[in-house]
Number of protein chains: 2
Amino acid sequence: MIQMDEKTVSSEMIYDGRVLHVFKDNILLPNGEPSIREYVKHVGAVCILPLTDEGEVILERQYRYPFHEVLIEIPAGKLDGPDEDPRAAALRELREETGAVPRELHYLGDFLGSPAIMGERIRMFFARGLVFENQKLDEDEFLEVFRMPFDDLIAEILAGNIPDGKTQAAALRVAALLAKEKQQ
Amino acid sequence: MIQMDEKTVSSEMIYDGRVLHVFKDNILLPNGEPSIREYVKHVGAVCILPLTDEGEVILERQYRYPFHEVLIEIPAGKLDGPDEDPRAAALRELREETGAVPRELHYLGDFLGSPAIMGERIRMFFARGLVFENQKLDEDEFLEVFRMPFDDLIAEILAGNIPDGKTQAAALRVAALLAKEKQQ
């Protein structure tokens, strides 16, 4: 493998907002030339594909301001802090947003949505064996929870109707997992 | 569907960098309460899963500064401007980064990697029937191009070893497409 590491010379915080934390670092490229890297720091997040015993996925409709569109997504949320256990965060977000408590929670792997400029690592989970309690949304969360048969979700993804990346990745991975279980 | 639209009251550019363009908007929530939205504007991008006639995917190893890690990804790049045709951008990026020119280029759908805070829309393509010319990298691009059998890439994704989101989404969608072609 060729040498690809970039060395940090200095780091400057450009903007420390409510959700966005933007940095600009002076770096040295692998060839020793100076350059800069601008990026967003992120505490990390989780997303969860919740599957009911009836084969339905619990999904959310949410307004996503950067696109001025309502998107369909699986439940997701930020870690409460860098030390929060991702499994605990997944259970918390699922419970708050949908009221669901799973008997099984499988870790699917990580998802980096825009790794050149955004330091957000999303841990993906698959939840099943769901029992339901009450939804507990934050005051400024406006979202609609609904259900869709899992096979319909996969068909909608393949038709290009679900642009959210983490929803595509988690659902297609769960489809592969379920196909494997069926074979065994 | 409940009312979810958010109204823009005013928009402020917080940072106009080389690659990051950060905005903070004053908005009205669906219930009429004021709030703010911080987000990154993005011109848009493309990614391409290139499959050789031998069943191998052309991949890239690249240092991703926000994670201080070398990641494996399919070829991708930004649009030259908001009006660039995504198909033309896909052909350009594929040619520049890998030297490949495809006889077939299928649009797979869009990928939004972090829709709450990042306005990056990635158009995903599947390229095959590849012929090869010379790679033409930008001066500050340090990347290593290599090949992996498509089935191995899928196995690595399912094992959680390829965290890049667009690579997961595009590869799993192509797998579904190829499985469908096989059945016909």
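With all protein chains in place and a 1.4 Å probe, the accessible surface of the protein assembly as shown carries 47 percent carbon and sulfur.
Pairwise inverse Cα distances across region A:57-133, averaged and inverted, put the Kirkwood hydrodynamic radius at 13.7 Å.
Extents of region B:4-100, largest first, come to 58, 32, 25 Å (Cα atoms, principal axes, whole angstrom). The long axis of helix B:86-98 is offset from the longest Cα principal axis of chain B by roughly 50 degrees. Across the copies of the chain, A:Glu133 has label points (7 Å from Cα along Cα→Cβ) spaced 6.1 nm apart, shortest distance listed first.
Given a cut-off of 31 Å, name the pairs among A:Lys136/A:Lys182; A:Lys78/B:Lys180; A:Lys41/B:Lys166; A:Lys41/B:Lys180; B:Lys136/B:Lys182 whose C-alpha atoms lie farther apart than that in the structure shown.
Details: A:Lys136/A:Lys182 35 Å; A:Lys78/B:Lys180 36 Å; A:Lys41/B:Lys166 20 Å; A:Lys41/B:Lys180 40 Å; B:Lys136/B:Lys182 35 Å.
Listed pairs above 31 Å: A:Lys136/A:Lys182; A:Lys78/B:Lys180; A:Lys41/B:Lys180; B:Lys136/B:Lys182.
Other protein chain C-beta atoms within 10 Å of residue C-beta, averaged over A:34-43: 4. Computed over protein heavy atoms with a 1.4 Å probe, the accessible surface of the protein assembly as shown works out to 45 Å² per residue.
Among the GluC sites (Glu not before Pro) found in region A:17-100, those both in a DSSP coil and sparsely packed, with 12 or fewer other Cβ atoms within 10 Å of their Cβ, are A:Glu54.
Taken along the Cα-to-beta-carbon direction at a fixed 7 Å, the label points for A:Arg87 and A:Glu141 span 2.2 nm.
Nearest-to-axis residue in chain B, judged by Cβ distance to the rotation axis that brings B onto A and given in whole Å, is B:Gly113, 1. Here is how far apart the A:His106 label points are across copies: 2.6 nm, shortest first, using a point 7 Å from Cα toward Cβ.
Can you list which of the trypsin sites (Lys or Arg not before Pro) found in region A:11-99 are DSSP loop residues with at most 13 other C-beta atoms within 10 Å?
Working: sites: A:Arg18, A:Lys24, A:Arg37, A:Lys41, A:Arg61, A:Arg64, A:Lys78, A:Arg87, A:Arg92, A:Arg95; in loops: A:Arg18.
Answer by residue number: A:Arg18.
Just so you know, the averaged projected area of the alpha carbon convex hull for the protein assembly as shown sits at 19.1 nm². Label points for B:Pro34 are taken 7 Å from Cα along Cα→Cβ. From this copy to the others they lie 4.2 nm apart, shortest first. Computed from Cα atoms alone, the Kirkwood hydrodynamic radius reported for chain B is 18.2 Å.
Take the Cα gyration tensor of region A:93-164, multiply each eigenvalue by 5, square-root it, and list the three semi-axes largest first, rounded to whole angstrom. It would help to have the intermediate numbers written out before the result.
Working: eigenvalues 99, 66, 48 Å².
In descending order the semi-axes read 22, 18, 15 Å.
Between helix B:165-183 and chain B there is an angle of about 50 degrees, using the helix long axis and the longest principal axis of the Cα atoms.
The values are calculated or read from the model by the stated rules, or taken from the named source; none is laboratory data. Remember, it's a predicted structure, so these values are computed and weren't measured experimentally. So basically every Cβ, Gly included, is an ideal-geometry build from the backbone, and we count neighbours across all protein chains shown. Just so you know, the surface numbers come from the protein's heavy atoms only, side chains and all, with ligands and any DNA or RNA stripped out. Shrake-Rupley method; radii C 1.70, N 1.55, O 1.52, S 1.80 Å.
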